[in-house]
Every structure is written in structure tokens, then in C-alpha cells.
Amino acid sequence: MWATFQYPVASACHELIGLRYRLGADGSNGEIDCIHLVYEAQRIMGIKMPAFKPNWYTASRREIARDLLQWGNRVDKPLYNGDVVLLPQTTIAFGVTWDKGILHISQQRQAVHWCPTRLLTTSHCFRMKSS
């Protein structure tokens, strides 16, 4: 049975929206990248993530998916808060499901953006394995 992480809209994940994008940034100075965005959102939601791997910046989509399969199971679509998604862009982009949408780095805005789940296409989706 999967744990369903559904948090109120007033969750602190709102604080992530609008953070400016900078590769390698962890959010500590108002800038964040997509990998750290997922880790920070998961921390806020109380979901444990696998150890951060710096090689994800250069790894293939296949390598990242294999690593995420050790943490979670692949699912057809993101439904629950905390589902991790890989977005089909020219470079690998991470996102995380929250409040019936996906937090991700908007390529146009170069900042964290929230978009309703139904409006984004995902290439892979993972849900934390139950304990």
C-alpha cells in the first residue's frame, strides 16, 4: 500500500515558487536548480530521498532512472505529492508533484514554476517505495 502524501495548499512548498534558476544552486540564496528543487520539496513534505549524486548533472536519463528505481517504483503518471518526474526536455529536467501540479524550473521564466499536472508531459515518474 502506498503512502499518500497530500499536504494542504498552505504548505511551505509555496516558498519555492519564483526562486531563480542557477545550475548547482541549492536554494540557500534565492537560487535553485531542478535537482535541488526536488530535494527541497521532498524535505518540506517529509519524504526521504536517496543520497544526492553530483554525477546526475552529467548522467544519462537511463542512469538517473536506474538510481531513482532504487528509491521508488516507476508509475504511469504523477498523482501524489512527492512523486518525482523527469521532464522530456533536451536536457534532463527534474520536477516534483505537489498540490495537484508539478513544481519545476520553467525554461521561459528561468525560475521555479507550478503547473497543473494535466498540462505537463512527463517522460518518467517515480513514487517512493512504501516502508
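Here are some notes:
- Within the stretch 30-48, residues that are over 13 Å from THR97 (Cα atoms) and in contact (Cβ under 8 Å) with a residue 24 or more places away in the chain have Cβ atoms under 8 Å from residues that are outside any helix (DSSP H, G or I) and basic (Lys, Arg) in these pairs: ILE32/ARG20; ILE32/ARG22; ASP33/ARG22, counting only partners at least 6 apart in sequence or on another chain.
- Any hit, the stretch 50-65, residues being of a type outside the set (Asp, Glu), farther than 22 Å from ILE32 by Cα and in contact (Cβ under 8 Å) with a residue 12 or more places away in the chain: no
- Of all residues in the stretch 33-64 being touching a Phe, Trp or Tyr at 6+ places or on another chain (Cβ under 9 Å) and over 18 Å from GLY82 (Cα atoms), the one that is surrounded by the most Cβ atoms within 10 Å (Cβ to Cβ): TRP56
- Here the condition is being in contact (Cβ under 8 Å) with a residue 40 or more places away in the chain, under 11 Å from the mean Cα position of the chain (by Cα) and either closer than 22 Å to GLY24 by Cα or not in a strand (DSSP E or B) (or both); of HIS104, HIS113, it holds for HIS104 alone.
- The set of residues in the stretch 45-73 being under 24 Å from HIS113 (Cβ atoms) and either in contact with a strand residue (DSSP E or B) (Cβ under 9 Å, 6 or more places away or on another chain) or of a type in the set (Asp, Glu) (or both) consists of MET45, ILE47, MET49, TRP56, ARG61, ILE64, ALA65, LEU68, GLY72.
- Qualifying residue in the stretch 40-50 (condition: more than 21 Å from ARG127 (Cα to Cα) and not in a loop (DSSP other than H, G, I, E, B)): no
Okay, residues lined up against (1) among the acidic types (Asp, Glu); (2) within 19 Å of LYS129 (Cα to Cα); (3) at pLDDT 90 or above:
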residue: PHE5; (1), (2), (3): no, yes, no
residue: GLU15; (1), (2), (3): yes, no, yes
residue: LEU19; (1), (2), (3): no, no, yes
residue: HIS36; (1), (2), (3): no, no, yes
residue: ARG43; (1), (2), (3): no, yes, yes
residue: ALA59; (1), (2), (3): no, no, yes
residue: ARG66; (1), (2), (3): no, yes, yes
residue: ASP76; (1), (2), (3): yes, yes, yes
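- Residues in the stretch 80-101 that are without any contact (Cβ under 8 Å) to a residue 40 or more places away in the chain, out of contact with any Lys or Arg (no Cβ under 7 Å at 6 or more places or on another chain) and assigned to a loop (DSSP other than H, G, I, E, B): PRO88, GLN89, THR90, THR91, LYS100.
The values are calculated or read from the model by the stated rules, or taken from the named source; none is laboratory data. Since the structure is predicted, the reported quantities are computational estimates derived from the model, not experimental observations. Every residue, glycine as well, gets a Cβ built from its backbone with ideal geometry; the counts of neighbours run over all protein chains shown.
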